[in-house]
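We did not get these values from a lab; they are worked out from the coordinates using the rules stated. Source: prediction; values computed, not measured. Counting neighbours? That spans all protein chains shown, and the Cβs are built from the backbone with ideal geometry, glycine included.
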Amino acid sequence: MNSPRDCLGHVSGGRILDVATGNGGFIGFLVTGLKDYSDIVAIDTSERAGAAFAETFKDQPQIRFERMDAGQMAYADASFDTVCIANSLHHMPDLKATLSEMKRVLRPGGHFIVLEMYRDGLAETQLTHVQLHHWWAAVDRAQGVVHNETYTRQEIADIVAGLGLQDVSTHDLSDMEGDPQDAEASKQLGEIIDRYVQRAAGHPDLQRRGEALRRRIQEVGFHAAASLLVVGRKAPA
């Protein structure tokens, strides 16, 4: 598997915008991989994510959170040297608006980074992750939360191609080294399934689907699905 430095070691991040940051999980990848950077602004609409983010990065003043809608950003044109979005394309209520805003606030010549898991061409243990993720998405949608199923690798590539970036590089990230039936990992996944089964109360089909996935973890095992990392540059003005 390519390391963060293999993928991003050529990029001087400058001022970075991390869109739909959640708890800030992708920031560790950025900080580890980038050649250098000055500061990171992370945005999300979730107040709960903001609280978790603040605790995680409380000792790093160069990394801060702002609650904001990615489809309508309160930033001037060309405000950032790098923009990125990780594992959130399938969460966007209006993906076209989000990507358009990201490109608007990126300076000409700046880097645009996309990381997104995909659902095809995977090992059976990785498909366990895909099926879990699609079930989580179905439970979320039943509660009115925007959460679509994941894309194929080609669909992700096509989405990024539509941005008209230059100097594009791609990296497939996949880690199959761990034990697919690791007891601790299976326990953690079981706890997540418990929570989602409770959330799916009133939807017996979704609850049965969760129990089937619990059995699949025991019988088939689990590896994280592969992801496609795309790095490109906005065309100079």
Open item on the list: I'd like the distance between the alpha-carbon centres of region 55-84 and region 146-180, rounded to an integer number of Å.
Closed with: 23
Task: Dipole of region 9-120 [Lys/Arg +1, Asp/Glu -1 at C-beta], most positive-end residue of Gly9, Ala54, Leu99 - done: Gly9
TODO: About the Cα centre of region 4-233, how large is the charge dipole given +1 on each Lys and Arg Cβ and -1 on each Asp and Glu Cβ? Please answer in debye to the nearest 20.
DONE: 380
TODO: Normalise the Cα radius of gyration of region 52-98 by 2.2 N^0.38 Å (N = residues in it) and let me know the number.
DONE: 1.34
Task: Nearest 10 degrees, 0 to 90: helix 95-105 Cα axis against the chain principal axis - done: 30
TODO: Output the direction-averaged projected area (hull surface divided by four) of the convex hull of the alpha-carbon atoms of the chain, in nm².
DONE: 12.9
- [ ] On a C-alpha basis, how far is the centre of region 1-46 from the centre of region 187-224 in Å? Whole number, if you could?
- [x] 31
Task: Expected 222 nm ellipticity per residue - DSSP helices of 4 or more, -39500 (n - 2.57), all of the chain, to 500 - done: -12500 deg cm²/dmol
- [ ] Estimate the FRET efficiency between Thr56 and Asn148 by the formula 1/(1 + (r/R0)^6), using the beta-carbon distance for r and 25 Å for R0, to the nearest 0.05.
- [x] 0.40
- [ ] Could you work out how far helix 124-142 tilts from the main Cα principal axis of the chain, as a 0 to 90 degree angle to the nearest 10?
- [x] 80
TODO: Starting from the eigenvalues of the Cα gyration tensor, five times each then square-rooted, give me the equivalent ellipsoid semi-axes of region 7-99, largest first, whole Å.
DONE: 19, 16, 13
Open item on the list: Per-residue counts of other Cβ atoms within 10 Å, averaged by peptide: what ranking do you get for 78-89, 182-193, highest first?
Closed with: 78-89, 182-193
